[in-house]
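> Below are the structure tokens for one structure; questions will follow.
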Amino acid sequence: MSHRPATAPEGNRKARRLEQKRSRKAQARAPVAVPSNQAKNSNGALDHARELVQQQNFEEAIRHLQTVKTEHSALAEFWLLLGLSLEQLNSLTAASQSYKKAVELAPDNAEGWHGLGRVLHNGNRFDASEVALERCLSIQPDNAETLKLLALARYGQGDCKGGLRACKKAMVLKPEWDQAYYIKGLLHKSTGHNEDARKALTYAHMLNPGMINALLELVDITEAAQLDDLLEKLDAFQEDGLGDPLKKSALQFSIAKVYHRKKQHDEAFSHYRAANDLGKGAFEFEREAHSKTIDETITAFSPELFRNSHANGSTSSRPIFIVGMPRSGTSLTEQIISSHKEVFGVGESYALNAIAEALSNAQGGDLSYPADVGRIDTATLASLAEEYLSRIDRLCPAETQRFTDKMVFNFLNLGLIALLFPNASIIHCRRDPMDTCLSCYFQRFDSAKQLSFTSDLEDLGFYYREYDRLMAHWQDVLPMPILDVEYEKLITNQDSESRRIIEYLKLDWDDACLSFHEQERAVLTASMVQARKPIYQTATGRWRRYEKHLGSLKDALGDLA
């Protein structure tokens, strides 16, 4: 994890990322539509740019468009071509700006709204993506590709019922569309309707035997009796070979999970190791830089800062921040809390991350975060706190009294949280360090830099120690109580531990907290399947089944192992 707040949630974001990549490639192959009200202005310069885009020569297209910008920047098609080229080179911010310019010039340009929605979705800005895609559909209601993206945008926000509505409309337009059935499977899986998910994902694979994503999503919801058949299908992909290292890694994770479920632990670990080795190429975890960041955070958020600070961002007691290492029981804890009638589970929100990144631009842009946190004035804190609540309110029902924000990496930002929301609740989830680290190693996370430490056992041990060091600092200096929730105690004493959590939150007891697995709300994290089950204890001490492979992890954890 970098020193900035987390930007990567857990779970099957990997599958979405693979889908996003496929979508971008498909878009690149398609000709760019010329808006009808701009066609008469088409000329040789834009024709040449369109040819370059259709040839997938995006860098040359951008260079060419920049040379003719003065003459053609008043045309929506100019900005469409530029936006698409930038998008294909993964310059998402610049691409979204170009698409916005296109729709400003031509508000009825469906292509522009679709492109804007797609880019915002690929940048995980799901709420803004939904708005743009709905504008596109108001112009082209029968655009199946836009409906598909709308389903994914709603899925990203946890609105799986809305996602299913969009998906079903797309399927009416294209009844045998493998992508629509795949998305339908994701939506059902996230809401715990595993039988419906199995049917949809199996049908998607039947329609397109080359769709590896559907098989990957089936691994943890396939019945034990069908595991050998699934393994045979996965092995067929392994034999055929996959060009993309990340797809190879995803395949190895899935094969490993099948062997783990079959209790063939040595074979499983061999594939887990192969999966992680393949994933290391994307980003390298920089131990020294991460340790320096922890040092800087501890220095900036000193005991003196909190003793001398009288600045408060907001008096609101609505936020409940759930933090900890990935795979430490945060999803289970959120499910229990959000089962309460007065609490809404937001999931892993990017809102605080956006607030922290904005700090460098606050007060004239002369701040460096976290070093200058003591210079943030009360007005700025109040404004940032209000912005955070405003972002969250877009996701919550109007009647919500409390909400949970389960971005686990907010453990890095507890000092900022204390300044913004001194009346907030903080719940820290802990789990046996060996089980925590091994579960991270066994999980197919997104390939983002923030999670690069999970691909190496020694890096995992190092990261855990730094996390433990920072949490010890927060426990010492924060002027607000932190409730520690131990995973092992929670699963062995569900009733008493659940009541302890609800009492800490100063809420009346709600029996629904003991039947958390019956919730209808979407779960989009790596624990989406486990969160739908009653409490189970089979994950406790799992590391012992793999102990002979974990010497380097034990050494890295040292006295914490």
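Here, each number is a calculation from the coordinates, and none is a lab measurement. These numbers come from a predicted model, not from an experiment. Glycine gets a Cβ as well: all are built from the backbone with ideal geometry, and neighbour counts include every protein chain shown.
> For the pairs 184/406; 263/554; 199/233, note any where the Cα-Cα span goes beyond 21 Å. Can you show the working numbers first?
Values: 184/406 25 Å; 263/554 23 Å; 199/233 16 Å.
In this structure, 184/406; 263/554 lie more than 21 Å apart at Cα.
> Also: Sum -39500 (n - 2.57) across every DSSP H segment of at least 4 residues in the chain, then divide by the residue count to get the 222 nm mean residue ellipticity, nearest 500.
Calculated at 222 nm, the ellipticity per residue is -17500 deg cm²/dmol.
> Run the numbers on the chain and let me know its relative contact order in percent, using alpha-carbon pairs under 8 Å that are six or more apart.
17
> For residue 407, which sequence-distant residues (separation of 5 or more, or a different chain) have an amide H within less than 5 Å of its own amide H, given hydrogens modelled in the peptide plane?
322, 349
> Quick one: length gained pulling residue 316 to residue 511 fully straight, 0.36 nm per residue minus the C-alpha distance?
Details: separation 195, 0.36 × 195 = 70.20 nm, distance 2.60 nm.
Computed gain between residue 316 and residue 511 is 67.6 nm.
> Could you point to the residue in 204, 464, 367 farthest towards the positive end of the chain's charge dipole, with +1 and -1 charges on the Cβ of Lys/Arg and Asp/Glu respectively?
Result: 204.
> Take peptides 372-384, 322-334 and line them up by average Cβ neighbours within 10 Å, highest first, as a rough protection proxy.
322-334, 372-384
> Then there is this: Quote the charge dipole size of region 456-520 about the Cα centre in Debye, to the nearest 20; the model charges only the Cβ of Lys and Arg (+1) and of Asp and Glu (-1).
320
> Dipole of region 287-560, Cα-centred, from +1 at each Lys and Arg C-beta and -1 at each Asp and Glu C-beta, to the nearest 20 debye?
In debye, rounded to 20, region 287-560 gives about 600.
> If you don't mind, there's one more thing I want to ask. Towards the positive end of the charge dipole of the chain, with charges on Cβ (+1 Lys, Arg; -1 Asp, Glu), say which of 52, 424, 483 has the farthest Cα.
Projecting each Cα onto the dipole axis, the largest value belongs to 52.
> Based on the Cβ-Cβ distance from residue 286 to residue 306, what FRET efficiency comes out when R0 is 41 Å, to the nearest 0.05?
0.90
> Now a separate question. Sorting check: for 120-133, 53-66, 76-89, which peptide has the highest mean count of neighbouring beta carbons within 10 Å, and how do the rest follow?
76-89, 120-133, 53-66
> Extending each Cα 7 Å along its Cβ direction at residue 66 and residue 559, get the distance between those two points in nm, one decimal.
Taking the two extended label points, one gets 5.6 nm.
> So, one more: Take the alpha carbon atoms of region 438-477, find their center, do the same for region 199-230, and report the distance between the two centers in whole angstrom.
31
> Where nothing but the Cβ of Lys and Arg (+1) and of Asp and Glu (-1) is charged, how large is the charge dipole of the chain around its Cα centre, in debye to the nearest 20? All intermediate terms of the calculation are to be shown ahead of the outcome.
On the way: 68 positive and 76 negative charges, 185 e Å.
Roughly 880 debye for the chain.
> Could you calculate the FRET efficiency of residue 134 with residue 266 from 1/(1 + (r/R0)^6), where r is the beta carbon distance between them and R0 is 51 Å, rounded to 0.05?
For residue 134 and residue 266, the calculated efficiency is 0.50.
> Go through 467-476, 177-186 and give me the packing order, highest mean Cβ count within 10 Å leading. Mind dumping the intermediate values first?
Values: 467-476: 16.4, 177-186: 25.0.
Listed from highest to lowest mean packing, they are 177-186, 467-476.
> Find how much the distance from residue 173 to residue 476 grows on full extension, using 0.36 nm per residue of separation minus their present alpha carbon separation; answer in nm with one decimal.
That pair, residue 173 and residue 476, stretches by 103.2 nm at full extension.
> Among rounded, prolate and oblate, which fits the chain when a ≥ b ≥ c are the square roots of the eigenvalues of its C-alpha gyration tensor, a/c under 1.5 means rounded, and a/b larger than b/c means prolate?
oblate
> Between residue 368 and residue 55, what length comes free when the chain is fully extended (0.36 nm per residue of separation minus the Cα-Cα distance, one decimal in nm)?
108.3 nm
> Let me ask another. If you average the alpha carbon positions of region 38-112 and of region 269-348, how far apart do those two centres end up, in angstrom?
Centre-to-centre distance over Cα atoms comes out at 39 Å.
> Considering only 274, 175, 345, whose Cα is most displaced toward the positive end of the charge dipole of the chain, charges sitting on Cβ of Lys, Arg (+1) and Asp, Glu (-1)?
175
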